[in-house]
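Data first, discussion second: the structure below is written as structure tokens.
Throughout, read-outs are computed from the coordinates displayed, never taken from laboratory work. Because the structure is predicted, anything quoted here is derived from the model rather than measured. Backbone-built Cβ (ideal geometry, glycine too); neighbour counts: all protein chains shown.
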Amino acid sequence: MLSSSTVEANVPAADLKRARAFYEGVLGLEPVFDMADVWVSYRVGSTFLNVYETTYAGQAGHTIAQWHVDDVAAEVRDLKARGVQFQVYEDMPQTTWDGEVATLGGMMRSAWFTDTEGNVMCLDEMPADIRAARA
């Protein structure tokens with residue numbers, strides 16, 4: 001069944017060239033498949049992030065892709081130095097903020113940013129026990 005399958009993130013872009021400049025130039029991803037002006041795929045760890053052109057980009061209003069990282073604060077500093085702006089959602093229950101980094105439920109640390117197409121992305125740093133359970 002589906003529990004043994006892999007899952008990929010599909011990210012809409014109103015302007016695929018602009019989105020590629022962000023994902024490749026700012027986030028440092030390298031394309032592994034490029035279908036001209038239709039879509040591009042990037043390998044991220046053991047899965048793929050696919051960016052495709054559509055007029056429906058940026059309409060979700062919620063997180064559409066989540067990046068599991070070892071150190072959220074370090075990633076935030078690095079991405080801010082590259083011009084990425086982070087969001088602070090002060091209305092989140094059971095969340096404390098240290099600048100742009102949120103601690104949810106006293107456990108997981110996260111930070112959110114939007115790409116050039118208005119899609120919300122999340123960086124998260126999970127505690128060791130949660131990482132182990134997901135391995």
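Ignoring everything except DSSP H segments at least 4 long, calculate the 222 nm mean residue ellipticity for the chain; use -39,500 (n - 2.57) per segment, divide by total residues, nearest 500.
For the chain, the value works out to -4000 deg cm²/dmol.
As a footprinting exposure proxy, order 110, 46 by other Cβ within 10 Å, with the fewest listed first.
Lowest count first: 46, 110.
Compute the semi-axes of the equivalent ellipsoid of segment 93-135, taking the square root of 5 times each eigenvalue of the Cα gyration tensor, and list them largest first in whole Å.
21, 15, 7
Counting DSSP beta bridges with both partners in the chain, what percentage is antiparallel, nearest 5?
If we restrict to bridges inside the chain, about 70 percent are antiparallel.
Based on the alpha carbons, how large is the Rg to Rh ratio for the chain when Rh follows Kirkwood?
My calculation of the ratio gives 0.97.
Helix 72-81: angle to the longest alpha-carbon principal axis of the chain, degrees 0 to 90, nearest 10?
That helix lies at roughly 50 degrees to the long axis.
Points 7 angstrom from Cα along the Cβ direction at residue 65 and residue 8: gap in nanometres?
In this crude label model, residue 65 to residue 8 measures out at 1.2 nm.
When Lys and Arg each count +1 and Asp and Glu each count -1, what net charge do the other residues less than 13 Å away from residue 113, Cβ to Cβ, add up to?
Result for the neighbourhood of residue 113: -3.
Residue 107 to residue 128: extension gain in nm, 0.36 nm per residue of separation minus the Cα-Cα distance?
Stretched fully, the residue 107-residue 128 segment lengthens by 6.6 nm.
Enter the Cα centre distance for the pair segment 53-79 and segment 109-131, rounded to the nearest angstrom.
When both Cα centres are located, 6 Å separates them.
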